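**Student:** Questions regarding the structure given below will be posed in turn.
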Amino acid sequence: MSTLIVLGYPSEEEAKSAYQKVLDLDKNLIVSLQSIAVVARHADGKYDVVTPGSKVGTSTVWGLFWGVLFGLLFFVPVFGAAIGAGIGALTGAIVKHGVDKDFQDRVRNLLSANDSAAVFMVVNEMTEDKFVDAMRPFGGDVLQTSLSIKDEEELKCELGKC
């Protein structure tokens, strides 16, 4: 089972610092990341995906997942018309497999202030007490939703990797 975790912060700099700490925890096997990204909301109300010193995901599938998820959450058109109707199917797949309306609303509220940011990560597993202790100095708000193994496999197939 994978878990989508969102850590919300009042500034992009705080989110970037937390992002770097999560990467360190991944190296130290305290958390096992599948993918990680940062979304920042700027004073003009626009959103950017920020990836300090790292790629958005470990594969094209994760890049597509993040793109569709962020588009769904923040109404950001992340792809051109070339993908067309496929986006509707992918959006439906993401909603069907654990990112429900309530979770979407909570994430939007987390990033409702200007110049706010959040670290988004898909985690295979973690040593929760060590992760919490390591992240405590960064503060922030935490949201999470689980993806069952079956849902995760179905989602990956719908994203084109099966």
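The values are calculated or read from the model by the stated rules, or taken from the named source; none is laboratory data. Bear in mind the structure is a predicted one, so any value in this text is a computation, not a measurement. Neighbour counts run over all protein chains shown; Cβ positions are idealised from the backbone, glycine included. Just the protein is used for accessible areas: all its heavy atoms, side chains included, with ligands, DNA and RNA removed. Shrake-Rupley method; radii C 1.70, N 1.55, O 1.52, S 1.80 Å.
**Student:** Against the definition (at pLDDT 60 or above, out of contact with any Cys (no Cβ under 7 Å at 6 or more places or on another chain) and outside any strand (DSSP E or B)), how does Leu69 come out, yes or no?
**Tutor:** Numbers: at pLDDT 60 or above: yes; out of contact with any Cys (no Cβ under 7 Å at 6 or more places or on another chain): yes; outside any strand (DSSP E or B): yes.
It is true that Leu69 is at pLDDT 60 or above, out of contact with any Cys (no Cβ under 7 Å at 6 or more places or on another chain) and outside any strand (DSSP E or B).
Conditions tested, residue by residue: (1) modelled with pLDDT under 85; (2) under 24 Å from His42 (Cα atoms).
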position	(1), (2)
Phe75	yes, yes
Val78	yes, yes
Ala93	yes, no
Val123	no, no
Glu128	no, no
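**Student:** Any chance you could count how many residues in segment 12-48 are of a type in the set (Ser, Thr, Tyr) and open to solvent by less than 30 Å² (accessible area, probe 1.4 Å)?
**Tutor:** Of the residues in segment 12-48, the ones of a type in the set (Ser, Thr, Tyr) are 17, 19, 32, 35, 47.
Among the residues that remain, those that are also open to solvent by less than 30 Å² (accessible area, probe 1.4 Å) are: 19, 35.
Number satisfying all stated conditions: 2.
**Student:** Could you identify the single residue in Asp44, Asp26 that is modelled with pLDDT of 85 or more, among the acidic types (Asp, Glu) and over 15 Å from Val122 (Cα atoms)?
**Tutor:** The conditions single out Asp44.
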